[in-house]
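Engineer: I am attaching a structure below and will ask some questions about it afterwards.
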Amino acid sequence: MGAVCVRTAAFVGGTRAERARMAGSGRIPDAVLADILHRLSIAVGAGIDLRRAWASEAGRVPGRWRPALERVAARLRAGDGLGEACAATGAIPDLVAGMLLVGDRTGRLAEVLDETAKTLSRSIATRRTLRAALVGPAIRLVVAVLAIVAMIIVSGFARGLDGAPLDFLGLGLGGQRGATLFLLGLAATVVAIAVAAVAARSSWRRRGWAWRIGRRLPLIGPAAVAAEAAAWCRAASLAAHAGVSVGEMVELATHAAPGFGCDRRRVEDLLRNGRDLPETLGATSRLPRAVIEAVAVGEATGTTAEALDRVADHLDESAARGFAAAVQAAGFLTWSLVACLVAAVVIRVAATYARMIHDAARLP
């Protein structure tokens, strides 16, 4: 049943490592890329030559990203399409390059540029909202950590009625040395989390293990799947509008949404064996049910492109709601962590003082 996933990088020569070495300056930020694509959509829609418009953009961006854009300009002058040229640099996300390839092959580049810019802008807005929701809890977490450090230092000087050091937190740490050990352990934990986060982010972009795990998580998983499915539907809709074959439509949609990539040859074999398009896509076990149902309605009414476009809008809205809920949940979890930490410290300190009072009451 399962289809072989087709990687987005397959439509250009070379491995990801080779393209990363070509990029040199790293990945272009989404904010910069969204602005570039938005201006390009206006220029291309107005009839300005793509090579001229891209050369103009290369002169506008910060110097760090200019070499990557100049390499794209060179490939455009050599006759490559925009999607292929962008993918070859390694500095532009595969998802963006895949969508641009769809625009190249369908002749609707201006529309694709505008839609991709909007998609990047929505992603940026979601990340900003998440960061804003976490600022308050993060500040309180830092304050709580500083309070713990202060109590560890105090523990080094405080003594019980029997003259033994008081361990307010039960960590076995006291004084400046204990505070230093605590901070070192905390720093090591933060570094480990940061390294894991970077690896997970990279894997997510490649649709690797982080994508496979993340899509199963509550809230964030369904939202990510909906966003990827929306990209697949938009690419397939553009391809259907252009009148390409079903096999090429699936291939182009795979470039735009590698998380749902299917083997073109398998799809074509199933169609030749007498299956219709909805059955064929369902047999790949890659696409959500909503997409299969939209294709079935489109095939029955002869409006496949329009049906895919409508379901893409619906999936985008669903993804936006899911990401908003995930942001709220992340903020709540952070608040809960801080509250639990503070409560644990308060209970521990109260227990220490209660024990001291009890010991004092037992003295003759």
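Engineer: Somewhere in segment 243-252, is a residue modelled with pLDDT under 85 and closer than 17 Å to residue 115 by Cα?
Structural biologist: yes
Engineer: If I filter segment 232-247 for residues that are assigned to a helix (DSSP H, G or I), more than 17 Å from the chain's Cα centre (by Cα), over 15 Å from residue 308 (Cβ atoms) and not aliphatic (A, V, I, L, M), do I get at least one hit?
Structural biologist: There is at least one residue in segment 232-247 that is assigned to a helix (DSSP H, G or I), more than 17 Å from the chain's Cα centre (by Cα), over 15 Å from residue 308 (Cβ atoms) and not aliphatic (A, V, I, L, M).
Engineer: Another question, then. Is there any pair with a first residue in segment 24-36 that is at pLDDT 90 or above and a second that is among the charged types (D, E, K, R) whose Cβ atoms are under 6 Å apart and which are 6 or more apart or on different chains, and what are they?
Structural biologist: 36/57
Engineer: Go through the residues of segment 213-224 one by one and say whether even a single one is hydrophobic (A, V, I, L, M, F, W, C), in contact with a Leu (Cβ under 6 Å, 6 or more places away or on another chain), surrounded by 14 or more Cβ atoms within 10 Å (Cβ to Cβ) and touching a residue at least 40 places away in the same chain (Cβ under 8 Å).
Structural biologist: no
Engineer: Moving on to the next point. Look through segment 282-329, keep the residues that are part of a helix (DSSP H, G or I) and of a type in the set (Ser, Thr, Tyr), and return whichever of them is surrounded by the fewest Cβ atoms within 10 Å (Cβ to Cβ).
Structural biologist: 301
Engineer: Can you find a residue in segment 261-274 that is within 23 Å of the chain's Cα centre (by Cα), closer than 30 Å to residue 88 by Cα and either in a loop (DSSP other than H, G, I, E, B) or of a type in the set (A, V, I, L, M, F, W, C) (or both)?
Structural biologist: Yes, the conditions are met somewhere in segment 261-274.
Engineer: Sticking with this structure for a sec: Pick out the one residue from 138, 110, 46 that is more than 22 Å from residue 204 (Cα to Cα) and without any contact (Cβ under 8 Å) to a residue 60 or more places away in the chain.
Structural biologist: Matching residue, one of 138, 110, 46: 46.
Engineer: Could you tell me how many of the residues in segment 245-265 are surrounded by fewer than 18 Cβ atoms within 10 Å (Cβ to Cβ) and not small (Gly, Ala, Ser)?
Structural biologist: So the count comes out to 2.
Engineer: If we scan segment 351-364, do we find a residue that is in contact with a helix residue (DSSP H, G or I) (Cβ under 8 Å, 6 or more places away or on another chain) and part of a helix (DSSP H, G or I)?
Structural biologist: The answer is no; no qualifying residue exists.
Results for (1) on the phi > 0 side of the Ramachandran plot; (2) at pLDDT 85 or above; (3) among the small types (Gly, Ala, Ser), shown as yes or no for each residue.
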| position | (1), (2), (3) |
| --- | --- |
| 276 | no, yes, no |
| 284 | no, no, no |
| 307 | no, yes, yes |
| 324 | no, no, yes |
| 339 | no, no, yes |
| 347 | no, no, no |
| 354 | no, no, yes |
| 360 | no, no, yes |
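Engineer: Looking at segment 62-178, what helices (runs of 4 or more DSSP H) fall wholly within it and have at least 3 residues that are within 24 Å of the chain's Cα centre (by Cα) and surrounded by 20 or more Cβ atoms within 10 Å (Cβ to Cβ)?
Structural biologist: Fully inside segment 62-178 and qualifying: 82-89, 94-106, 109-155.
The values are calculated or read from the model by the stated rules, or taken from the named source; none is laboratory data. The shown structure was predicted, so the numbers you read here are calculated from the model rather than taken from an experiment. Every residue, glycine among them, receives a Cβ derived from its backbone with ideal geometry; neighbour counts consider all protein chains shown.
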